Amino acid sequence: MKLRWFTTSMLVGLSLMAAAHAQTDPLTPTGKWTAHQTGQAQTPPMGWNSFNAFRIEVSEDKVMGAAEALVDTGLAKLGYVYVNIDDGWWLKRRQTDGRLEIRTSIFPSAAIKGKDTSFKPFTDRLHRMGLKAGIYSEIGRNACSQAWDLKSPNLPEGTVAEREVGLEGHVDQDLKLFFTDWGFDYIKIDACGVADYTANAKVITTPGYRVREPLIARDRPALDKAEDLKAMYVEVADSLRKYNPDNDYVLSICSWGRADVRTWGKDVGNLWRTSYDINPTWGSMLHSFDSAVTRPLYAGPGRWNDPDMLFVGKGDFDVNHLTEAKSHFALWAMLNAPLLIGYDLRGAPKDLIDIWGNADLVAVNQDKGGHQAVLAYRSNDVQILVKTLSNGKKAVALFNRSEAAKTVSLTARDLKFDAAKPIGLRNLWSKETLPAFTGSQRFTLGAHETLVFEAEGTHRLGQGTYLSEIPGRINVAADGIPFPEGDPHIYQATRASAGRGGDTPMYAGWGGAQADASPYGTELTVGEKAFAYGIGVLSGSRMEVQANGEYRRFVASVGVDAATRNRKAAVTFQIYGDGRLLTESKPVTYGDAAADLTADVSGVRVVELIVRANKDAAVATAWGDARFEK
Ligand code: GLA
């Protein structure tokens, strides 16, 4: 009797443990699409933000000037509707009830009758103009300006507690204020409060703020506390849903690529910064670009990599450097980056308006498929990016990063088009249509020039689609990275402000899933065979793919990739359809030839691609030529 009781309770215990494991094991198929889906960001947000134009010196005049210019120039009609206030708007946190107060000396309309201040008159005005309003806050207690712009006239004032204007400890209260009471539609949430207020920091020892244990360890990224930071943003995301029953909000996570946000951002917010702040230099633009360009599989409708706001109009991208300005803009369009203008729009020259206002490039960025461009050709000088459009065509950018003219061939293979059939190109800057070519076509790019075309041709698969052409339909639910490492391929630009990082790889995610490349950026190779196309991913991974019942078969040649660091462990590839195992490979190890897998996916909505290793080993693997066929 006693024994039986023991056995039963043990079994119950074990099955509870198994259930808990199934819930937490990221490789367990869900049969569902699990990426974050709320908020208004089916296409990348577009609009204006005050920071690149004015840093902390924001004011109502400046912001309304930008809003009026967006309407008057026609940019608003093109989609530039978010008018976002950045750091600098706050005065203090009132101690009687914790309510935030606005600095009415710079936002006069916020001085309403009574004891409170309110942004409602301001957001009402924007809404009446057909625009949307964005606010800025901080995940910790103190803001970035309080650590980095100590001479700004717009720093919060008062006691230590009054100057704690960030969300920490006030998430619900502040989000209700911003969204329900003040009527904002967008929030950017920074993270200096959990990075810069460490015990020995100057801001602690001199002006006097409360010490906050860092979750982002500025110069030692390996010490970042990703789970803790993610939990703070999850609390915000939950609260946003609560105070926005109409779903009319956007959550922008600003932890600058740190604390592994390039991996989890898509599960929590609508966009997440992939790097530190851009500045108006060519090297900084390259750095920001590189931080997002290898991450197409992590983005898609509702969730976007954010290489930071546009600097078109300033420094290396000013009216005297239109080649650079156009490159910067075209690249952001191809990356599906948010298009947030960072320029004083009051009196902007026509040459700049024409860049932001290039309707063809805006359409590329806003294409409803949400497929971020994929690198088709990589070198240190020239790169070719190809982006799938929902009209069956491709957008292609030929980008010369270097200081000298370069000649490069664009090939049918880059476009995944049939090399024997004619390919047509339309230049999205000059609007000129080029004579059709077959096979390949040579182009000479000036220094820093980006040529960008819409390309039309015959797909080499006929009716099929390579997975690497539809990154917006892929959710990397688990990418198998065992511990965070910075991506060494990101251009390390010289930084004016020493000690702010940038000189060593800072952004975790190295080894993540890649389109048409191994997890380490090399050509996909299994055994003796190289694959021009496919998905490279580590073992311990699970990808969800939206098939939506549109395809008949899924086909791939799978195996351990030559780039693997682990040459011993065996891996198994599994294909699930709506939670049901469709087929799996035998265990394979490094050196084995690629194994062909075919699965019938007729009627299947979500295909899951899982790679398991027999140990806790991170094995680089390839889903070579992974494709759907009709
Ligand atoms: C950080 C952010 C910037 C900007 C400033 C404001 O540096 O990354 O985009 O918001 O703070 O102080």
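A few points about this structure:
- Charge context of P29, other residues only, Cβ under 12 angstrom, K/R +1, D/E -1: -1
- Per residue, the accessible area of the chain comes to 38 Å², computed with a 1.4 Å probe over protein heavy atoms only.
- Full extension of the segment from D600 to T522, taken as 0.36 nm per residue of separation minus the current Cα-Cα distance, would add 25.1 nm.
- Sites T38 and T407, calculated FRET efficiency, Cβ-Cβ separation with R0 41 Å, nearest 0.05: 0.30
- Between region 242-263 and region 172-229, the alpha-carbon centres lie 14 Å apart.
- Cut-off under 5 Å, modelled amide H: who pairs with G300 long-range: N305
- Isotropically averaged projected area of region 78-203, using the convex hull of Cα atoms (one quarter of hull area), nm²: 8.4
- Segment A530..R128, full-extension length gain: 139.0 nm, with 0.36 nm per residue of separation and the alpha-carbon distance subtracted.
- Taking region 285-311 and a reference point 7 angstrom along Cα→Cβ of N247, the backbone N atoms nearer than 12 Å belong to 302.
- Taking 25 °C and 0.890 mPa s as conditions, region 335-415 diffuses translationally at an estimated 168 µm²/s according to Stokes-Einstein applied to its Kirkwood radius (Cα pairs).
- Taking a sphere under 10 Å around the Cβ of G591 and counting the other residues whose Cβ falls inside, with K and R at +1 and D and E at -1, yields a net charge of -1.
- A simple spin-label model places pseudo-atoms 7 Å from Cα toward Cβ; at T30 and R55 they are separated by 4.3 nm.
- Net length available on complete extension from A161 to L581 is 145.6 nm, with 0.36 nm assigned per residue and the Cα-Cα distance removed.
- Placing a label point 7 Å from the Cα of D418 along the Cα-to-Cβ direction, the residues of region 441-484 with a backbone N closer than 20 Å are 441, 455-467, 469.
- Interchain or long-range residues, amide H under 5 Å from L340's placed H: G47, L310
- Förster radius 45 Å - calculated FRET efficiency between Q95 and R346 (Cβ-Cβ, nearest 0.05): 0.75
- Taking the Cα centre of the chain as reference, the dipole from Cβ charges on Lys and Arg (+1) and Asp and Glu (-1) amounts to some 900 debye.
- In order through region 592-606: 3J(HN,Hα) via Karplus (6.51 cos²θ - 1.76 cosθ + 1.60), integer Hz, x for Gly, Pro: 5, 5, 4, 9, 7, 10, 9, 10, 7, 10, 4, x, 6, 8, 10
- In order through region 140-149: 3J(HN,Hα) via Karplus (6.51 cos²θ - 1.76 cosθ + 1.60), integer Hz, x for Gly, Pro: x, 8, 10, 8, 5, 4, 5, 9, 10, 10
- Region 509-560 pair-distance distribution - Cα-Cα, 5 Å bins, rounded %: 4, 17, 27, 24, 16, 9, 3
- Here the peptides 279-292, 605-618 are ranked by packing, the mean other Cβ count within 10 Å, and the order with the highest first is 279-292, 605-618.
- Beta bridges assigned by DSSP with both partners in the chain are antiparallel in approximately 80 percent of cases.
- Solvent exposure ordering (accessible area, 1.4 Å, most first) of K188, K387, K62: K62, K188, K387
- For peptides 234-245, 325-336, sequence by mean Cβ density within 10 Å, most packed first: 325-336, 234-245
- One quarter of the surface of the convex hull around the alpha-carbon atoms of region 467-629 equals 10.0 nm², the direction-averaged projected area.
- The order of K115, K120, K350 by accessible area, most exposed first and with a 1.4 Å probe, is K115, K350, K120.
- Rg/Rh for the chain, where both radii come from Cα atoms and Rh is the Kirkwood radius: 0.98
- Cα gyration tensor of region 375-456 - equivalent ellipsoid semi-axes, whole Å, descending: 20, 13, 12
- Computed over Cα pairs, the Kirkwood radius of region 199-247 leads via Stokes-Einstein (1.306 mPa s, 10 °C) to a diffusion coefficient of 120 µm² per second.
- The helix-only estimate of mean residue ellipticity at 222 nm for the chain, built from DSSP H runs of length n ≥ 4 each weighted as -39500 (n - 2.57), is -6000 deg cm²/dmol after division by the residue total.
- Charged neighbours of G511, selected by a Cβ distance under 15 Å, balance to -3 (K, R count +1; D, E count -1).
- Once you reduce region 270-317 and region 506-557 to the center of their Cα atoms, the two points are 23 Å from each other.
- Subset of K394/K421; K92/K120; K529/K615; K188/K225 violating a 22 Å alpha-carbon distance limit: K529/K615
- Taking the protein heavy atoms of the chain in the context of the full set of protein chains, the accessible area attributed to carbon and sulfur is 52 percent at 1.4 Å.
- Förster radius 25 Å - calculated FRET efficiency between K151 and R210 (Cβ-Cβ, nearest 0.05): 0.70
- Rounded to whole numbers, the Karplus 3J(HN,Hα) couplings from phi for region 473-484 are 9, 10, 10, 7, 6, 8, 10, x, 5, x, 8, x Hz, using 6.51 cos²θ - 1.76 cosθ + 1.60 with θ = phi - 60°, and x at Gly and Pro.
The values are calculated or read from the model by the stated rules, or taken from the named source; none is laboratory data. Please read these numbers as outputs of a predicted model, since none were measured by experiment. Note: ideal-geometry Cβ built from the backbone for every residue, glycine included; neighbour counts use all protein chains shown. When the accessible area is computed, the model is the full protein with side chains, heavy atoms only, and any ligands, DNA or RNA have been set aside. Shrake-Rupley method; radii C 1.70, N 1.55, O 1.52, S 1.80 Å.
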